[in-house]
Amino acid sequence: MRSRGARLTLLILFIVSLGATVYLFWNGESLAGARSTALRSFEQSARSTTRAVLDTRAAQQAYVAAGQSGEIWPAKVAGGIEAVRNGLTDLRANATSPQALSELEAALGTLDDFAQLDRRARDYRRTGQNLLASDLVFQDGAKMTGSIDARLEQARASEIAAGEAEVATFRSRQVFALTAGAAAAALVVLLLLPGGEPERQESTVSSLAGRAAPAFAASSAVEHLDLENEPEAWSTPAPLSGPEPREHAVESADAAAVPAGEPAPQQVQIHVHRPEPPRTDFRGLASLCTDLARLMDSEQLPSLLDRASTLLDARGIILWIADPDGRELNPIVAHGYPAQLVNRLGTIPRDAQNATAAAFRTSLLQTVNPDGGSSGAIAAPLVTAGGCVGVMAAELRRGADNAESRLAAAAIVAAQLATLVGPPARPHGTAEAAGA
């Protein structure tokens, strides 16, 4: 028997180790939560700044558009440059990754060059030299804004990668704390166990049961399982010397099948492969489909498309609706792109060689795999009882793959949007011509 002082010392050590484990786990959880919140804020700010860059480029291109005059567009460009500058400054202040800081510094330098170019373009426009202004806007200006957009995306990806690595480090520290605490607890429990009692208990059982001690232990274990599964057996337990149940007989037959002196057969362990859970937020997808089904006003559609782009990890979504003849597709609603860009898209013929037209012709989901210079895309057909009425085209962000869960989510959203469009209307006089 150990002294009370030694037991008290072990108990104090156990309490101290338990407190240290709790503190380390709580500290890791707090740090991981704070870093995850900072990453979400950084990503939202990066997306807002990217939209400001695209709006500024579209407003500058309106300088040389036909029928545009006055100072409304220069004022919008000046406001957009200031908004982009503020966004880049905030991102630089919150960034922790060296690569993200380098990309943001370069983006700020390109923005200063863009501001100087904008002043030259306005001077050319003021003096009537629209050709020179067009060269600056559509060549140098578009190239600069594209560079700013690419550097923003690279900074966002670098910061998220660094933040996720930090969160993984915090999680590993939590696992280490729990493992160390469990090991300390097990060690203290083993040290607190009184010595010599297991041998005395085994000798007591052997003296009471004689040679039937192993059968007694096996019978007790099986009876314990039977009592858990059959409550009515509580009042009538099987006697030790009587016939065993069917489970006991099977066990005895297996034991008798092994010859004396030979080792028992080894147990086979079956490892079940658990598939990786989908990365798509299907709870949010269900909520989006519910809100689409309740849609009463078309003005609410852009906000719903914003949620759809977040679920699909898409930079933008365009809804292409077929004309009554089904010969071409027209862009009706777009999200993530400037309105001026959507107005210049034009139509897509039915027999065009692209993913959108292929999805419309075949009524099957089409994908575009990403490569080194462009991101991937998904074209999901809007199919109704009357046939395919349009296509939902989603441009994925860089780094997003065409995973099965993402394709399934795109098909679900497209099916819900198809209920809002309805079957294509027949052109006037088609029914009369068919009857004739």
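Rundown of residues vs (1) closer than 20 Å to Ala359 by Cβ; (2) loosely packed, with under 10 Cβ neighbours inside 10 Å; (3) modelled with pLDDT of 85 or more, yes/no style:
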position: Glu262; (1), (2), (3): no, yes, no
position: Val268; (1), (2), (3): no, yes, no
position: Pro277; (1), (2), (3): no, yes, no
position: Ser287; (1), (2), (3): no, no, yes
position: Thr290; (1), (2), (3): no, no, yes
position: Arg294; (1), (2), (3): no, yes, yes
position: Gln300; (1), (2), (3): no, no, no
position: Ile318; (1), (2), (3): yes, no, yes
position: Gly326; (1), (2), (3): yes, no, yes
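Look at Ser17 and say whether it is open to solvent by 40 Å² or more (accessible area, probe 1.4 Å), of a type in the set (Ser, Thr, Tyr), over 30 Å from Val137 (Cα atoms) and in a helix (DSSP H, G or I). It is false that Ser17 is open to solvent by 40 Å² or more (accessible area, probe 1.4 Å), of a type in the set (Ser, Thr, Tyr), over 30 Å from Val137 (Cα atoms) and in a helix (DSSP H, G or I).
Within segment 86-95, one or more residues are under 30 Å from Ser36 (Cβ atoms), touching an Asp or Glu at 6+ places or on another chain (Cβ under 9 Å) and surrounded by fewer than 21 Cβ atoms within 10 Å (Cβ to Cβ). The condition (being free of Cβ contacts under 8 Å to residues at least 12 places away in the same chain, charged (D, E, K, R) and under 30 Å from Leu91 (Cβ atoms)) is satisfied by just one residue among Arg119, Arg126, Arg173: Arg119.
Hey, does segment 93-106 have a residue that's modelled with pLDDT of 85 or more, out of contact with any His (no Cβ under 7 Å at 6 or more places or on another chain) and β-branched (Val, Ile, Thr)? Yes, segment 93-106 contains at least one residue that is modelled with pLDDT of 85 or more, out of contact with any His (no Cβ under 7 Å at 6 or more places or on another chain) and β-branched (Val, Ile, Thr). If you take the residues of segment 46-72 that are modelled with pLDDT of 80 or more and open to solvent by 40 Å² or more (accessible area, probe 1.4 Å), which of them is farthest from Gly146 (Cα to Cα)? Only one residue tops the list, namely Ile72.
Against the condition hydrophobic (A, V, I, L, M, F, W, C), under 28 Å from Arg397 (Cα atoms), open to solvent by 40 Å² or more (accessible area, probe 1.4 Å) and assigned to a helix (DSSP H, G or I), how does Ala34 come out, does it pass? Yes. Taking the criterion of being open to solvent by 50 Å² or more (accessible area, probe 1.4 Å), closer than 24 Å to Ala65 by Cα and touching a helix residue (DSSP H, G or I) at 6+ places or on another chain (Cβ under 8 Å), the residues of segment 126-162 that qualify are Asn130, Leu132, Phe138, Asp140.
The values are calculated or read from the model by the stated rules, or taken from the named source; none is laboratory data. The structure displayed is predicted, hence computed values, not measured ones. Backbone-built Cβ (ideal geometry, glycine too); neighbour counts: all protein chains shown. The protein model used for the area step is the full one, side chains on, heavy atoms only, and it has no ligands, DNA or RNA in it. Shrake-Rupley method; radii C 1.70, N 1.55, O 1.52, S 1.80 Å.
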